[in-house]
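Some notes on the structure that comes next.
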Amino acid sequence: MVRISEIATRVLGLITEQAFAEGAWEKLFATVLAPNRASARVLENNGYQLEGVLKHEVVKDGRIFDVLHYARHRT
C-alpha cells in the first residue's frame, strides 16, 4: 500500500519539474509549521532547502508556532 507521504512526494516532484520546465519560475517556495515534519520531509525529498525559520509566526488553535521557509531554485 502506498503511503500519503509517498504520493505527496511524487506529486510535488512532478509539479516542481513542470514549473521549472515551463521556464516561468526561477524559485519555488513553501512554508510549513515547524511541528509538521512529514510535510518538511516531502519538501526535502524534492530538493527544497530550508532557507529560514520565522519565529513565533503563526497562531493556530491558540498556540504559537514557528514557520519553516523552504525553497528550491531552478539551478
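Scaling against 2.2 N^0.38 Å puts the C-alpha radius of gyration of the chain at 1.20.
Tell me the angle of helix 4-21 to the major Cα principal axis of the chain, expressed in degrees between 0 and 90 and rounded to the nearest ten. With both axes taken from Cα atoms, the answer is about 50 degrees. Each stretch of four or more DSSP H residues adds -39500 (n - 2.57); spread over every residue of the chain, this sum gives -11500 deg cm²/dmol at 222 nm. What FRET efficiency would be calculated for the residue pair ALA34, MET1, taking the C-beta separation as r and a Förster radius of 30 Å, to the nearest 0.05? Approximately 0.55, to the nearest 0.05. Summing Lys and Arg as +1 and Asp and Glu as -1 over all other residues whose Cβ lies under 14 Å from the Cβ of HIS69 gives a net charge of -1. For the pair LEU14 and GLU26, the difference between a 0.36 nm per residue extended length and the Cα-Cα distance amounts to 2.7 nm.
Computed from label points 7 Å out along Cα-Cβ, the spacing between ASP66 and ASN45 is 2.3 nm.
Every read-out reported here was derived from the displayed coordinates using simple, explicitly stated rules and does not represent laboratory data. Fair warning: this is a prediction, and the values are worked out from it, not measured in the lab. Counting neighbours? That spans all protein chains shown, and the Cβs are built from the backbone with ideal geometry, glycine included.
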